[in-house]
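The block underneath contains the structure these notes are about, expressed in structure tokens.
Nothing in this text is a laboratory measurement; each read-out follows from the coordinates by a stated rule. As the structure is a prediction and not an experimental result, all values here were calculated from the model. Please note: Cβ atoms are built from the backbone with ideal geometry, for glycine as well, and neighbour counts cover all protein chains shown.
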Amino acid sequence: MLPKSRDHRLGSKTRRCALGTAAGCLLAGLAGCGKQSIVSPHSPQTHQIALLWWWMLGAATIVFVGSVAMLGMSWHRRDSPGLPFVGEREDLSQKMVLLFGIGIPVVTLVVLFAVANLYVIRSSAAPNPRSTSMTINVIGHQWWWEVRYPGSQAVTANEVHIPVGARVNLVATTADVIHSFWVPELARKIDTIPGRQNRVLLQASRAGVYYGSCAEFCGFQHAHMRMEVVAQSLSAFKAWLTNMAAPAPAPTTAVARTGEQVFMNSQCESCHQIRGTSARATVGPDLTHLASRSTLAALTIPNDPPSLTHWINDPQGVKPGNRMPDLGLSQSAVSAISSYLDGLH
Ligand code: CUA
């Protein structure tokens with residue numbers, strides 16, 4: 001057994017370590033939040049939402065600080081009669097109650113209502129489709145997003161590409177339960193409701209990748225139902241869309257060709273589509289250009305060869321409860337499929 005003093009030193013070291021880890025996690029969490037923040041707006045409409053948020057925070061801070069100050073002052077003067085500075089004037093204290101209790105709150109709430117519900121709500125509302133340059137359809141699924149470009153064969157998942165600055169009419173619906181499409185830096189939140197089409201204006205002022213999450217509880221993997229919006233130059237967007245619309249490239253290596261055969265002869269093709277092949281199901285995400293996406297399983301894991309192999313091998317271990325079953329394929333079958341899918345650029 002250790003001497004008591006050493007034991008004690010070890011204890012404080014462990015505590016410091018735990019505190020350090022907690023601080024690290026908090027910082028990492030805050031850094032992660034920064035990527036998906038309503039106060040980091042990148043479109044005209046989210047700029048207004050953020051401005052409204054800061055004004056509300058400012059007003060609430062004044063009220064809070066004022067109330068605490070008055071509470072403190074009343075405690076400090078608990079034995080003195082009357083008001084500070086003016087003394088015992090009944091008419092004045094009644095006026096102050098009317099001003100701070102009714103006058104200022106009514107004016108503040110009316111101004112807030114007018115700005116939020118008459119101005120900001122309109123400027124961030126669903127756009128007139130004629131005022132937009134393109135339409136994108138987004139369909140929520142448990143637990144991923146299907147993305148379609150009307151007028152093009154392009155279908156993808158969890159990644160919405162848009163040209164920088166373009167006003168996009170985003171039409172959202174669902175294949176199953178209610179989800180909510182929300183990319184806080186670019187647009188306000190819209191629910192995807194069965195049998196309905198909700199729209200929102202999607203626009204990015206600057207090129208970049210903007211992250212979002214499903215914002216309506218939709219079942220087991222709600223937290224892993226994320227999406228990203230890639231805002232790029234018009235020429236890069238057009239090149240991307242042309243590639244997305246094309247059929248899948250043919251496998252180039254022997255192992256990838258084996259992988260294609262295994263894919264087509266196993267249960268993979270009963271759920272997925274790979275355009276240009278016999279796989280035409282639309283239960284799971286379209287895999288025609290899977291290798292061009294940056295993540296798998298709705299931003300749960302990166303899209304690199306080891307992660308892809310791990311995903312096919314053990315989808316329920318990576319994302320428990322998701323709709324992709326463990327097919328019990330052999331190791332060689334899994335790596336062949338993985339090689340095939342890795343070539344689908
Ligand atoms: Cu979809 Cu929560």
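Once every DSSP H run of n ≥ 4 in the chain is given -39500 (n - 2.57) and the sum is divided by its residues, what mean residue ellipticity at 222 nm do you get, rounded to the nearest 500 deg cm²/dmol?
Working: 9 runs with 132 residues, N = 345.
Rounded to the nearest 500, it is -12500 deg cm²/dmol.
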Next item on the list: Order by neighbour count: LEU186, LEU327, LEU52, fewest other Cβ atoms within 10 Å first, most last.
Entry: LEU327, LEU52, LEU186
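State, as an integer percentage, the relative contact order of the chain based on alpha-carbon contacts under 8 Å between residues 6 or more apart. Working shown, then result.
Working: 559 pairs, mean separation 48.8, N = 345.
It rounds to 14 percent for the chain.
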Item checked: Ranked list, fewest to most other Cβ atoms within 10 Å of each Cβ, for PHE85, PHE113, PHE237, PHE100 -> PHE85, PHE113, PHE100, PHE237
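Which of the three applies to the chain, rounded, prolate or oblate, going by the alpha-carbon gyration tensor with a ≥ b ≥ c and a/c under 1.5 meaning rounded? Before the final figure, lay out the partial values.
Values: a/c = 3.22, a/b = 1.64, b/c = 1.97.
It comes out oblate by the Cα gyration axes.
Mean Kyte-Doolittle of at least -0.5 plus a Cα span of 20 Å or more along the axis: flag which DSSP H helices in the chain meet both, please. Spell out each step's value before the answer.
On the way: long enough: 4-34 (45 Å, -0.08); 44-76 (48 Å, 0.90).
Result, helices passing both filters: 4-34, 44-76.
Evaluate E = 1/(1 + (r/R0)^6) for ASP326 and VAL177, where r is the Cβ-Cβ distance and R0 equals 25 Å; express this FRET efficiency to the nearest 0.05. It would help to have the intermediate numbers written out before the result.
Working: r = 24 Å, r/R0 = 0.94.
That pair, ASP326 with VAL177, gives E of 0.60.
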Item checked: Gaussian network model of the chain, springs between alpha carbon atoms under 10 Å - residue of GLN36, GLN331, GLN203 with greatest fluctuation -> GLN331
Notebook entry, point to check: How big is the range 110-269 by Rg and Dmax over its Cα atoms, in Å?
Noted result: 18.1, 70
Note to self: Please list, ordered by chain and number, the residues whose modelled amide H lies under 5 Å from the amide H of HIS179; skip anything fewer than 5 residues away on the same chain.
What the structure shows: THR192
Margin query: Pick from ASP304, ASP91, ASP286 the residue whose mean-square fluctuation is largest in a GNM of the chain, springs joining Cα atoms under 10 Å.
Written below: ASP91
Notebook entry, point to check: When only DSSP loop residues count, what trypsin sites (Lys or Arg not before Pro) in the range 132-201 have their Cβ near at most 11 other Cβ atoms within 10 Å?
Noted result: ARG196
Check: So what are the ³J(HN,Hα) numbers for the range 219-228, from phi and the Karplus equation (6.51, -1.76, 1.60; θ = phi - 60°), rounded to whole Hz, Gly and Pro as x?
Finding: x, 3, 9, 3, 5, 10, 10, 9, 8, 9
Item checked: Listed residues ALA69, ALA125, ALA215, most fluctuating in the chain (Gaussian network, C-alpha, under 10 Å) -> ALA69
Next item on the list: Give the relative contact order (percent, whole number) for the range 193-258; include only Cα pairs under 8 Å separated by 6+ residues.
Entry: 26 percent
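For the range 156-240, take N as its residue count and report Rg(C-alpha) divided by 2.2 N^0.38 Å. Before the final figure, lay out each step's value.
Working: Rg = 13.0 Å, N = 85, 2.2 N^0.38 = 11.9 Å.
Scaled against compact globular proteins, the figure is 1.09.
Got a sec? How would TRP143, TRP75 order by Cβ neighbour count within 10 Å, fewest to most?
TRP75, TRP143
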